[in-house]
Amino acid sequence: MIVLKSEDEIKKMAEACRIVAEVLEGMKKNVSPGITTKELDEIAESYIIAKGARPAFKGYRGYPSTVCASVNEQVVHGIPSVKKLKNGDIISIDVGVHYNGFYGDAAVTLPVGSISKQAQKLLAATENALEAGIGKAVVGNRLSDISSTIQDYVESEGFSVVRTFVGHGIGRDLHEEPQIPNYGRPGEGPKLLEGMTLAIEPMVNAGGWEVNILKDGWTAITKDGSLSAHFEHTVVITNNSQSILTKL
Ligand code: MF3
Ligand code: CO
């Protein structure tokens with residue numbers, strides 16, 4: 001069942017989402033060659049705790065950290081480590097927060113120092129695909145209008161969308177119905193309604209869409225070793241549009 005949120009609930013959820021946005025803003029300032037993903041994780045965790053909130057991913061199905069930090073060919077769910085970032089890397093940082101009884105969830109892929117033209121194009125395409133998908137999150141559309149718009153945009157840029165992981169409803173639970181694939185045909189699935197809160201999150205590979213999971217049980221990598229990017233926002237559908245809750 002898809003749970004619609006009242007105005008009051010959306011206000012509370014917006015506060016959780018604001019903390020998520022602030023954490024990602026802090027990550028942008030701190031990502032640079034030489035920093036480790038563990039250090040980034042500690043910065044994120046201290047910030048969330050100082051706000052009186054809780055890191056949503058830590059302990060979720062045994063996940064050990066506050067953020068997911070996925071470097072280069074890592075797609076999602078990379079576990080922060082003592083390995084240093086280096087010039088030319090790309091890093092996807094995903095963060096979830098629980099506050100006020102509600103969850104917020106968002107991700108960005110950031111350049112480390114100066115990155116290749118191909119990597120720049122991948123980041124821009126993934127972010128633009130998310131924006132295009134969000135634009136379809138309006139009353140009257142169907143869920144798969146979001147999915148198909150993301151897929152069409154990504155493929156028009158010559159990249160591929162990951163099938164193994166999907167976006168999701170979000171609210172009092174981190175993962176609520178519906179699942180939101182980043183691929184599909186338009187005009188299918190549930191009708192979009194005011195008060196739906198969705199985490200839309202395209203994962204885009206420079207090569208093929210297939211992924212493998214590392215032996216740590218979490219880290220997803222591209223099967224062909226190509227670069228991968230991930231952007232995510234938590235949004236709410238309003239009466240005539242949508243609002244991005246994880247944007248400052
Ligand atoms: N944004 C991802 C999701 O919605 C992050 C989950 S990481 C996990 O599933 F550790 F919590 F699983
Ligand atoms: Co998510």
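The values are calculated or read from the model by the stated rules, or taken from the named source; none is laboratory data. Not measured: the values here are computed from a predicted model. Backbone-built Cβ (ideal geometry, glycine too); neighbour counts: all protein chains shown. Heavy atoms of the whole protein, side chains included, go into the accessibility calculation; ligands, DNA and RNA do not. Shrake-Rupley method; radii C 1.70, N 1.55, O 1.52, S 1.80 Å.
For the reader, a short list of remarks on this structure follows.
- Matching residues, the range 195-238, being assigned to a loop (DSSP other than H, G, I, E, B), out of contact with any Leu (no Cβ under 7 Å at 6 or more places or on another chain) and under 20 Å from residue 133 (Cβ atoms): 201, 209, 238
- Residue count for the range 133-148, restricted to those that are open to solvent by less than 30 Å² (accessible area, probe 1.4 Å) and not aliphatic (A, V, I, L, M): 5.
- Any hit, the range 207-216, residues being among the acidic types (Asp, Glu) and within 16 Å of ligand 2 (Cβ to nearest atom): no
- Screening residue 130 with (1) open to solvent by 30 Å² or more (accessible area, probe 1.4 Å); (2) part of a helix (DSSP H, G or I); (3) within 20 Å of residue 93 (Cα to Cα) gives one miss only, at (1).
- Residues located in the range 31-50, provided they are open to solvent by less than 20 Å² (accessible area, probe 1.4 Å) and part of a helix (DSSP H, G or I): 37, 40, 41, 44, 48
- The condition (being within 13 Å of ligand 2 (Cβ to nearest atom), in contact (Cβ under 8 Å) with a residue 24 or more places away in the chain and among the hydrophobic types (A, V, I, L, M, F, W, C)) is satisfied by just one residue among 170, 134, 146: 170.
- If you go through the range 85-103 and keep only what is charged (D, E, K, R), without any contact (Cβ under 8 Å) to a residue 60 or more places away in the chain and surrounded by 14 or more Cβ atoms within 10 Å (Cβ to Cβ), you end up with just 89.
- Extreme residue, surrounded by the most Cβ atoms within 10 Å (Cβ to Cβ), among residues of the range 51-61 that are closer than 12 Å to residue 19 by Cβ and hydrophobic (A, V, I, L, M, F, W, C): 56
- Every condition in (1) within 13 Å of ligand 1 (Cβ to nearest atom); (2) without any contact (Cβ under 8 Å) to a residue 12 or more places away in the chain; (3) of a type in the set (D, E, K, R) holds for residue 41 except the one numbered (2).
- Qualifying positions in the range 157-191 - open to solvent by 40 Å² or more (accessible area, probe 1.4 Å), within 13 Å of ligand 1 (Cβ to nearest atom) and part of a strand (DSSP E or B): 179
- Pick from the range 59-69, criterion more than 13 Å from ligand 2 (Cβ to nearest atom) and outside any loop (DSSP other than H, G, I, E, B), ranking: farthest from residue 43 (Cα to Cα): 61
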